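First the structure, in the form of C-alpha cells, and then the observations on it.
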Amino acid sequence: MRAGDSVYFTGTIWGIRDATYIRIFDGKVPPPVDLHGAVFLHVAPNVRKLPNGKYEPMTVGTTTSMRMDRFTEPSLRECGIRGIIGKGGLSDASSAALTSLGAVYLAIVGGAASVETEQVEAIENVYFEDLMPECLWEFRVRDFGPLTVAMDAHGASIYRDVANVAQERLASIYAKLGIK
Amino acid sequence: MRSATINTDAFYDQLEELGERLYVEAQIDIPPDVRAAINAAMERETSQVAKGIVNTMLRAMAISDKKHTLVCQDTGFPIFFVTIGRGFLIDGARLIDALTRGIERATAEHPLRSSIVSPITRENRQTSTGDGIPVVHIEFSNEIDYIDLLMIPKGSGSENMSFLKMLSPSDGISGVKKFVMEMTVGAGGKPCPPTIVGVGIGGTSDLCTLLAKKASIRPLGERNPDPQIAALELELLEAINATGIGPMGLGGDTTALDVHIEAAWTHITCNPVAINFQCWRGERRRAKVYADGHYEFGY
C-alpha cells in the first residue's frame, strides 16, 4: 500500500480510543486479546444494548487520531498492530514508527459516520466495558471505506506533504494579504 | 405537540420537547446552505483523493436523509443560543432547566452517546449533561417578537482547535490575519475541513471567543454588515483556500467553506483575536417560539 491509494477493508477491526490506550500503555494492563496483525480504528461508537447482552451499533464514526499520537509506537512495537484507521493524521514521529515497524495509517472521512455504520456488520465482542463508550470494541466489517492510505510503511505522509506545500505557499499568500 | 401559551407549565414542557427534538434533528439534517457548499466543493476539487472525500461526505448526508440516522458519531457539546424577543415574561432558570432535561431525554430515549464528562475524574453520567452543560447563552432582542432557540451540537474535533491571542494594538489587523493563517495551517486536517472559520475580533478575552463561536454558526454566504469586515472575511477565505490543505487535510482546493468575522469594541491596549472552527457538517437547528406558543422549525 502506498500513500494516495484508496482501499476498502473486510474483516475484523478493533475500535479503540483514549481511555483504553491509557489503560493498556500507561496503566500497563495487558490487552485482553492477542492483537498481533490487528487493525485499529479510532472510535467510541453510539450503541444500543440488546436483551442478549450484546451491543448493536447505532452510530460508528472515527475520531481525531492526533490525541492518541504517542500510542502509535508502543501499539506497533508491543502489540504488533499493522494498521491504524483514523481521522486527521498522526505526527512525523508516528510516521517514523510506521516505517520502521511496517504499518500504515488509513485516513477515513471524519463526520461520515452514517456511511461507516452501514459497513459494520456486527459488534462481536466488547472489552473494558467499564470505560463505556471508550472500550475495546471488536467490529466485523464489510467493504469498510473508502480509506485513503495517508501514511505508508515507506516513510510517505500526505499530511507532511500538504503541510510542506502550505508552508511554501504562505510567502505569496502573506504578500497578497499585505503581511510579513 | 400542541401549542402552549408563554410562561405556563405547558410552555416549559414544550421547551423540554423542543430541546430534545432540536438536539436529535440537528445531527441528522444538515442545513441547506451547508449542503450547497459541499456540493460546490465537489465541483471545485480536481484531485482523486479530494473528490473521493467530498463524495463520501455527500453519501453520508444522503444516507442520513434516507434512514434518519446521525451524520457524525460525535454528539458533541450541546449548545443553545436563546434570543428572547420583545415583551416576553419568562422564567430563565426554568427555561435552562427545560432545555437541560430535553438534552437528557434525547440521550436516554433516542438513544445518543453521552460525550460529556467531568474534567477532573472523567466520569461520564451518560446524560450528555453536567456542570455547565448544556451551554445556554441567553440574549435579548427588540428586533424580534418570538423566542429564537438555536441548537448547535458542537463537534469536539473542531472545538479542540479553538484559539485565542491577546495581540498588541501595534500588531494591527495584519496581526489578526497572520494569527488566523497560522492557526488554520497548524490545525490542518484535525477540525474536519472544509470548515466554517469563525473569527472573533475585539471585546474582552471571553467575549472574543464567544464572538468567534457566533461567527462560526452564521449561515454560509452571509457577510458581516460592516463593509470593511466583510472584505476581510473574503480576503481570508481566499487565503485559506490557497494553502491547499483541502478536505480532511489530505490536499485540495476547499479548506474553508466560508470565513465569518464578528467584532466588538475593545480596550485601548487590547487587540484580541479568537478562532472557532465549525466542522464540515455545519450542524445547527432552530425553533422560533411565538407568544401564543406555536413554533416553527428552521436552520
**Prompt:** Would a scan of region A:65-75 turn up a residue that is in contact (Cβ under 8 Å) with a residue 60 or more places away in the chain, crowded, with 23+ Cβ neighbours inside 10 Å and within 14 Å of chain B (Cβ to nearest Cβ)?
**Reply:** no
**Asked** In this structure, is A:Ala107 more than 7 Å from chain B (Cβ to nearest Cβ), under 24 Å from A:Thr10 (Cβ atoms) and under 18 Å from the mean Cα position of the chain (by Cα)?
**Response** no
**Request:** Within region B:44-61, work out how many residues are facing another protein chain (nearest Cβ under 7 Å), within 23 Å of B:Lys154 (Cβ to Cβ) and surrounded by fewer than 18 Cβ atoms within 10 Å (Cβ to Cβ).
**Result:** 0
**Asked** Quick one: which of B:Ser158, B:Ser162 is of a type in the set (Gly, Ala, Ser) and more than 10 Å from chain A (Cβ to nearest Cβ)?
**Response** B:Ser162
**Prompt:** Just a yes or no: is a residue in region B:115-124 part of a helix (DSSP H, G or I) and either buried (at least 16 other Cβ atoms within 10 Å of the Cβ) or under 20 Å from the mean Cα position of the chain (by Cα) (or both)?
**Reply:** no
**Message:** Quick check on B:Arg101: is it basic (Lys, Arg), part of a loop (DSSP other than H, G, I, E, B) and either on the phi < 0 side of the Ramachandran plot or modelled with pLDDT under 95 (or both)?
**Reply:** no
**Request:** Within region B:169-178, identify whether any single residue is away from chain A (no Cβ under 14 Å) and surrounded by fewer than 21 Cβ atoms within 10 Å (Cβ to Cβ), and answer yes or no.
**Result:** yes
**Asked** Taking region A:129-146, which residues are within 17 Å of the chain's Cα centre (by Cα) and facing another protein chain (nearest Cβ under 10 Å)?
**Response** A:Pro133, A:Glu134, A:Gly145, A:Pro146
**Item:** Which numbered condition A:Thr117 fails, given (1) more than 8 Å from chain B (Cβ to nearest Cβ); (2) more than 30 Å from B:Leu237 (Cβ to Cβ); (3) in contact (Cβ under 8 Å) with a residue 12 or more places away in the chain
**Value:** (1)
**Request:** Evaluate the following for B:Pro111: is it free of Cβ contacts under 8 Å to residues at least 40 places away in the same chain and either assigned to a strand (DSSP E or B) or under 18 Å from B:Glu16 (Cα atoms) (or both)?
**Result:** yes
**Prompt:** Looking at (1) outside the structural domain of B:Arg105 (by TED's automatic domain parsing); (2) under 27 Å from B:Leu112 (Cβ atoms), which is the only condition B:Asp13 fails?
**Reply:** (1)
**Request:** Being closer than 25 Å to A:Gly155 by Cα and not in a helix (DSSP H, G or I) is the filter here, so list the residues in region A:16-29 that pass it.
**Result:** A:Ile16, A:Arg17
**Prompt:** Is there a residue being assigned to a strand (DSSP E or B) and under 30 Å from A:Ser157 (Cα atoms) anywhere in region B:156-177?
**Reply:** yes
**Fill in**
Of the residues in region A:42-63, those that are more than 11 Å from chain B (Cβ to nearest Cβ), more than 23 Å from the chain's Cα centre (by Cα) and not polar (S, T, N, Q) come to A:Leu50, A:Pro51, A:Gly53, A:Lys54
**Message:** Of all residues being in a helix (DSSP H, G or I) and touching a residue at least 60 places away in the same chain (Cβ under 8 Å) in region B:62-96, which is surrounded by the most Cβ atoms within 10 Å (Cβ to Cβ)? Just the residue, please.
**Reply:** B:Leu95
**Message:** Regarding region B:173-181, can at least one residue be identified that is under 30 Å from A:Cys135 (Cβ atoms) and modelled with pLDDT of 95 or more?
**Reply:** no
**Prompt:** When region B:234-270 is examined, which residues are found to be in a helix (DSSP H, G or I) and either buried (at least 20 other Cβ atoms within 10 Å of the Cβ) or among the hydroxyl-bearing types (Ser, Thr, Tyr) (or both)?
**Reply:** B:Leu236, B:Ala239, B:Ile240, B:Asn241, B:Pro247, B:Met248, B:Gly249
**Asked** Yes or no: A:Phe128 buried (at least 18 other Cβ atoms within 10 Å of the Cβ) and either out of contact with any Ser or Thr (no Cβ under 6 Å at 6 or more places or on another chain) or not hydrophobic (A, V, I, L, M, F, W, C) (or both)?
**Response** no
**Request:** Exactly one condition in (1) within 22 Å of B:Val49 (Cα to Cα); (2) within 9 Å of chain B (Cβ to nearest Cβ) is not met by A:Ser95; state its number.
**Result:** (2)
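The values are calculated or read from the model by the stated rules, or taken from the named source; none is laboratory data. Given the structure is predicted, the values throughout are model-derived calculations rather than measurements. Virtual Cβ from ideal backbone geometry, glycine too; neighbours counted across all protein chains shown.
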